[in-house]
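What follows is a set of notes on a single structure, which appears directly below.
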């Protein structure tokens, strides 16, 4: 009965809009099966967590009230008064963190399998911009509960922007909505978090997914060089899609577990005239940059240490985005290629700096 | 060179189009830049009674929109310094165990005269003048 209605509905749509391209995609898309196939699922998990963010974010929006006098109080209201408000907020916070984590894993897996190479340059670039937007989502959302930690993280984060020559100071004032971090900053961050970023993000995510559908899955070199009869594939639909779905269910359970057993603290309300509490830390995904800035001396030659640090990260990020255009000679006698070594060093730097930040 | 009708119209449309785009974007960009609100000029603030302020402690005072840290040392000397860390703008605190000023954000340390002695801060903290008038502590901007 339901199947009948379903196929009638599909026929109705097909008759009017011709579903051949969709049918072709579902029937013919295949995913290479090899020892590194597991990395194909990382992007999907990231996408799933983004959808969780979208849904929980919309729900929180129904009760959240931006403003110096209302933001903290409304979040407290959500977690104490609203039915399941604590759950929605915890899921939103945890999912944000997992989203960043999986976005990083996804990026490095693409890097190490060299999936960014021609013809997938734009997939890499849109992906990189999406990652930066994700971090911006994290940074702007962090301020919204208007608590002490968020207040100082925002003060430091926006001040870092200010050290960039020429454009830094105007950009800082633009971000803060004035000279200081105040209620004006909160309004701005709220607008950025719930309207500006989602709008830009959706367009780039759409492009990113479109590029992937157009070009199909990347085949790493060891797979591509196999004779045709030895190449194994699984169909995208339903095999890969079902495996994807299974992983989404697993991640969803981990997410709920974390939200239940490790609730996100609200802390104290922000106070512009209180000392920064000791042990103040940024979100873990900014920790490696935070820690590097902490280790830099006040002055390096004629420059302020932080200026060089900030410029270094800015330039490094830009170069990383342009990785598909980098021509590094393939060394046949090297076991590990130079670019891979650079990638390993970068990943190690991030991991070590993050660890130092938490241990010291 | 004679200007034919098509060229003339294209030019007109081109300039008109650019003008139109500018007319749309100029107000938007201007809107995004926050207006400068007049800051009240503050030259001095009262910071409570000296007798009620214990030695070897500190408090943060609002000096207009700026936070100022007022410290009473162990030997009852009063010091007032800008509380905004010169590194990345966090608000500093007085450590009554080490008798130093600490910025908890990046472990910047200043001595009691505001000199940056360790960690990332590039400059010393700005000093304010402190007077006690009829037991009331008054902080004024130096210079």
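Nothing in this text is a laboratory measurement; each read-out follows from the coordinates by a stated rule. Here the structure is a predicted model, which is why all the values come from computation and not from measurement. Heads up, the Cβs are rebuilt from the backbone with ideal geometry, glycines too, and the neighbour counts pull from every protein chain shown.
Okay, here's what the table says:
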item	result
Residue with peak Gaussian network fluctuation, chain A [Cα springs, cutoff 10 Å], from A:219, A:68, A:229	A:229
With Cα atoms, 0 to 90° folded angle of helix A:148-162 axis to chain A main axis	80
Angstrom value of the Kirkwood radius, inverse mean 1/r, which spans all Cα pairs in region B:9-72	17.0
Average other protein chain Cβ within 10 Å of Cβ, residues B:58-64	2
Helix A:338-359 axis, angle to chain A major axis (alpha carbon atoms, nearest 10°)	40
Rough spin-label spacing in nm, given labels placed 7 Å along Cα→Cβ, for residue B:62 and residue A:51	4.8
Sites residue A:20 and residue B:3 - FRET efficiency at Förster radius 45 Å, r taken between beta-carbons, to 0.05	0.30
Calculated FRET efficiency for the pair residue B:99/residue B:51, C-beta based, R₀ 25 Å, to 0.05	0.70
Averaged over A:292-302, number of beta-carbon atoms from partner chains that fall within 10 Å	3
Value of Rg to Rh for region A:33-286 (Rh from inverse mean 1/r over Cα pairs, i.e. Kirkwood)	1.03
Stretch gain in nm, segment residue A:231-residue A:278, where the contour uses 0.36 nm per residue and the Cα spacing is subtracted	11.2 nm
Shielding of A:303-310 by partner chains, average beta-carbon count, 10 Å	2
Relative contact order, percent, chain B [alpha-carbon distance under 8 Å, six or more residues apart]	18
Paramagnetic label zone (point 7 Å from Cα along Cα-to-C-beta, residue A:268; backbone N under 12 Å) in region B:54-70	B:60
Candidates B:115, B:123, B:36: whichever shows maximal mean-square fluctuation once chain B is modelled as a Gaussian network with Cα springs under 10 Å	B:36
Principal-axis tilt of helix A:305-321 within chain A, Cα atoms, nearest 10 degrees	10
Ranked A:35, A:65, criterion: other C-beta atoms within 10 Å, fewest first	A:35, A:65
Label point distance in nm, residue B:112-residue A:5, each placed 7 Å from Cα along Cα→Cβ	8.1
Square roots of 5 times each gyration tensor eigenvalue, C-alpha, region B:3-143, largest first, Å	54, 19, 10
Set of region A:297-323 residues, backbone N closer than 15 Å to the point 7 Å along the Cα-Cβ line of residue A:135	A:309-323
Contour excess over end-to-end distance, with Cα ends at residue A:167 and residue A:27 and 0.36 nm allotted per residue	45.3 nm
Listed residues B:30, B:58, B:82, most fluctuating in chain B (Gaussian network, C-alpha, under 10 Å)	B:30
Contact order relative to length of region A:33-286, as percent, for alpha carbon pairs under 8 angstrom and 6 or more apart	29
For the protein assembly as shown, alpha-carbon Rg relative to the globular expectation (2.2 N^0.38 Å, N residues)	1.21
Order of A:63, B:128 - criterion: other Cβ atoms within 10 Å of each residue's Cβ, fewest first	A:63, B:128
Distant alpha-carbon pairs in region A:230-360 (separation over 18 angstrom), percent	76
Extension reserve of the residue A:328-residue A:341 stretch, reckoned as 0.36 nm per residue once the Cα distance is removed	3.5 nm
Where labels lie 7 Å past Cα in the beta-carbon direction, separation of residue B:13 and residue A:118 in nm	3.8
